[in-house]
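Data block below; observations after.
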Amino acid sequence: MKNIQYKILLGFAALAVFTSCDNERGYADYDPGQNENLEVAGEWNVIGYETDGVTPAYGGSYLHYRTYDAETTGDNDFYLEELDPFFELLTKVQNNNGSFSGATDAPELVTGGTVTVTNGKVIKGGGRSFSGAVVDSIYFEAEFDWDPGYIYKFGGHGRSGFLEDDL
């Protein structure tokens, strides 16, 4: 009888381990897929800066971004998306060996406006997470139709997956 109780207890423990892979903030593990954009796909902690590249834009702080394939076979398009309602950014850009940019006045798919993304780069192992783990870094510049002539600079690091690094 004790043997059966131990097996049941062990079964529940195994079930708990295999079904608790999402962290307490609810982020699921991100699967960027297998394609030519794998090197730039991921989740990011990014801050927007004024044109000086030092002063946080609008007094902001790090926000959650992600990059993922645009699901158009045979090209290097991917989406650049901010997941917080601050800059409201969702646009398609083109990957060129880890560097990226978008078309001039490309559609910004959240607001219906336009955005021009330039000078984008993902640097493998070029960043540090909030806890100090080595991760990839990301940088890009963007000009929005709601602030023409003003180029915001964005920089940040990849999400490590550790709870202490989540926003």
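The values are calculated or read from the model by the stated rules, or taken from the named source; none is laboratory data. Quick caveat: nothing in here was measured; it's all calculated off a predicted structure. Note that each Cβ is placed from the backbone with ideal geometry, even for glycine, and that neighbours are counted across all protein chains shown. Each accessible area value is taken on the protein alone, full model and side chains, heavy atoms only, with ligands, DNA and RNA left out. Shrake-Rupley method; radii C 1.70, N 1.55, O 1.52, S 1.80 Å.
Quick check: convex hull of the Cα atoms in segment 98-161, volume per residue, rounded to a whole Å³? Don't skip to the end; give the middle numbers.
Values: hull volume 6.4 nm³, N = 64.
Hull volume normalised by residue count: 100 Å³.
Can you give the accessible area of Asp75 in Å² (nearest 10), computed on protein heavy atoms with a 1.4 Å probe?
50
Based on the Kirkwood radius over alpha-carbon pairs, what is the Stokes-Einstein translational diffusion coefficient of segment 35-121 at 10 °C with 1.306 mPa s viscosity, in µm²/s?
For the chosen part, D equals 118 µm²/s.
Return the inverse of the average 1/r over all pairs of distinct C-alpha atoms in segment 94-133, which is the Kirkwood hydrodynamic radius, in Å to one decimal.
So the Kirkwood estimate lands at 12.1 Å.
Residues in segment 100-136 near a label at Asp147, defined as backbone nitrogen under 18 Å from the 7 Å Cα→Cβ point?
105-106, 108-120
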